Amino acid sequence: MQIIAHRGASGEYPENTLLAFAQALAQGADAIELDVFAVENELIVIHDAKLERTTNGQGSIYQHTLAELASIDAGHGQTIPTLWQVLQLIQNKCWLNIELKGANTLQPLLTLLQRAEIELGFDLQTLLISSFNHPLLNALKAARPAIRTGALTASLPLHYAAFAAELKAEAVHCDAGFIDEKMVKDAKARGLKVYVYTVDSKDELAQMQQLGVDGIFTNYPAQSRQFLGL
């Protein structure tokens, strides 16, 4: 079962910052998950469209210029990173799950990935692009069929993992509060990986291991590895 650092090592460091991502790498995470919005055609790494919860900024990200956003404190002296900065940091050291949050993120992503391939030698097979916006994933697959995708759900769908298979996704990303044995079996029968969010406690980790999921998103990668005996 793979350990995916949810917004980096976000239980101990400011979420979605370069510090949290560097610590996730240091803690031996198999992968890092992060969230992106687009501002001025640049992908920035932040979970909320509003700044108050994770930074000392105020209002919507869309009310600020890219330069203004870069000057905001995201905790521990960290700033809101761009996705390009994260790609430079990771450099194929682990695989990366990019969650598309804003509806305007597709074209900036395609442009950035092309640049990463050329300038960084970035291996796109180390990427998994996910979203709750399923039409966005569909459009991504149409534009770049080789890019791996993960279909997010916050519920237990009536037809289980059928929606993810319809999207030609490689994985289905499920809420820990809804995942069950039937969902896991259905997804696996369709050739899908099953990744579950957000799992931090020892009991939940044991439950996910028993269900046979492929990976868990955790805020505490080192602790989760220790609990699992990895």
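The values are calculated or read from the model by the stated rules, or taken from the named source; none is laboratory data. For clarity, every value in this text was computed on a predicted model and none was experimentally measured. Glycine gets a Cβ as well: all are built from the backbone with ideal geometry, and neighbour counts include every protein chain shown.
When residues in region 83-120 are screened for being polar (S, T, N, Q) and under 26 Å from Thr153 (Cα atoms), 4 of them pass. Of the residues making up region 1-17, those that are of a type in the set (A, V, I, L, M, F, W, C), over 9 Å from the mean Cα position of the chain (by Cα) and crowded, with 22+ Cβ neighbours inside 10 Å number 2.
Residues checked against (1) more than 26 Å from Glu68 (Cβ to Cβ); (2) in contact (Cβ under 8 Å) with a residue 40 or more places away in the chain:
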residue: Ile3; (1), (2): yes, yes
residue: Gly8; (1), (2): no, no
residue: Tyr13; (1), (2): no, yes
residue: Leu18; (1), (2): no, yes
residue: Asp30; (1), (2): yes, yes
residue: Asp35; (1), (2): no, yes
residue: Glu40; (1), (2): no, no
residue: Ile44; (1), (2): no, no
residue: Ala49; (1), (2): no, yes
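Looking across His76, His173, one residue alone is closer than 20 Å to His47 by Cα, touching a Gly at 6+ places or on another chain (Cβ under 6 Å) and modelled with pLDDT of 95 or more. It is His173.
Taking the condition of being out of contact with any helix residue (DSSP H, G or I) (no Cβ under 8 Å at 6 or more places or on another chain) and either of a type in the set (Gly, Ala, Ser) or closer than 22 Å to Leu228 by Cβ (or both), how many residues in region 16-45 meet it?
Within region 16-45, residues that are out of contact with any helix residue (DSSP H, G or I) (no Cβ under 8 Å at 6 or more places or on another chain) and either of a type in the set (Gly, Ala, Ser) or closer than 22 Å to Leu228 by Cβ (or both) number 6.
Has region 191-204 got at least one residue that is within 16 Å of Ile3 (Cβ to Cβ), in contact with a His (Cβ under 7 Å, 6 or more places away or on another chain) and not in a strand (DSSP E or B)? Yes, some residue in region 191-204 is within 16 Å of Ile3 (Cβ to Cβ), in contact with a His (Cβ under 7 Å, 6 or more places away or on another chain) and not in a strand (DSSP E or B). Only one entry in Leu69, Leu83 is touching a strand residue (DSSP E or B) at 6+ places or on another chain (Cβ under 7 Å), buried (at least 21 other Cβ atoms within 10 Å of the Cβ), of a type in the set (A, V, I, L, M, F, W, C) and within 23 Å of Ala171 (Cα to Cα), namely Leu83. Scanning region 4-12 turns up no residue that is touching a helix residue (DSSP H, G or I) at 6+ places or on another chain (Cβ under 6 Å), within 17 Å of Ile147 (Cβ to Cβ), modelled with pLDDT of 95 or more and outside any loop (DSSP other than H, G, I, E, B).
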